[in-house]
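To start, the structure under review is shown below, and the notes come after it.
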Amino acid sequence: MAGEAGLATQVLALASALAKLEAQVKAEGTRGKELQDIVAGLIPLQDALDHLEDRTADLQAGMEAIEPLREALTAMTGQVAQLRQDLAALAADPAEEPLLVWNWAWTGMDQEQAREAWATLVPWVHNVLAGQYGWVGLSDPTSVTMTRIPPCWYRHREAVLELSWLCQEWNRIYTTSYGTPSKAGDWHDRYAPGVRRRLMLALEKCASGHQDDQRELHTGFDKQEQLSAWQDWDLKQRDTAPAPGPTASSI
């Protein structure tokens, strides 16, 4: 019984320490300071919990007084693991964050940055929005309303801005560890339908303005030469990329 009392005392002490750490995490999460120190403080607590779990596991299974202690230790071990995950996210290096939203203002990106943005956006509209979802191309001529975003979308700054952030969020969800099923559901339920609805309304005037042949019905943009000419014009409006700085070998 003395051993049980000693274990109970240690468990109560660890529970108190854990409660203090949780309160500190909540405070530091709002201030954004000293997160790495708190992470380090969780390590010995985790070790102590693991040690106590080993000790209780070695005691006789029939001792009813031990079972509540084991349950408490298991619950606290889960709390510590969750706290460490939350702290790791809070303390993440800003350099690891996804790239910034494309800024299509003339001074927002230089030529090289805009070229890279176009090289990501156009294939995504072609392969995902047009090819996978069928949302971009010529509208059904038998419909009284527009059914697709017109293939001349890239000529309209509003469409470029809307499709840019939608493209970046899709790539963030489907190509990085940021993505989760719930975030993918949010993209399909809220983000994409909203963009589609706004652009079909904004570009309604283009419903019959482009006469593409049947082969280009699902391409997601006009004839290739028209698209290339527009991208070239866009790039010429921007500053050239800054020259690279001196390398270590040239200093």
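Data table
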item	result
Distance (nanometres) between label positions extended 7 Å along Cα→Cβ at D47 and T9	2.2 nm
Separation of the Q111 and A23 label points, Cα + 7 Å toward Cβ, nm	6.1 nm
Placed amide H near V136: partners under 5 Å, 5+ positions off or other chain	A130, I149
Gain in span if fully extended, Y133 to A75, counting 0.36 nm per residue against the direct Cα distance	16.4 nm
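Every read-out reported here was derived from the displayed coordinates using simple, explicitly stated rules and does not represent laboratory data. Because the structure is predicted, anything quoted here is derived from the model rather than measured. Every residue, glycine among them, receives a Cβ derived from its backbone with ideal geometry; neighbour counts consider all protein chains shown.
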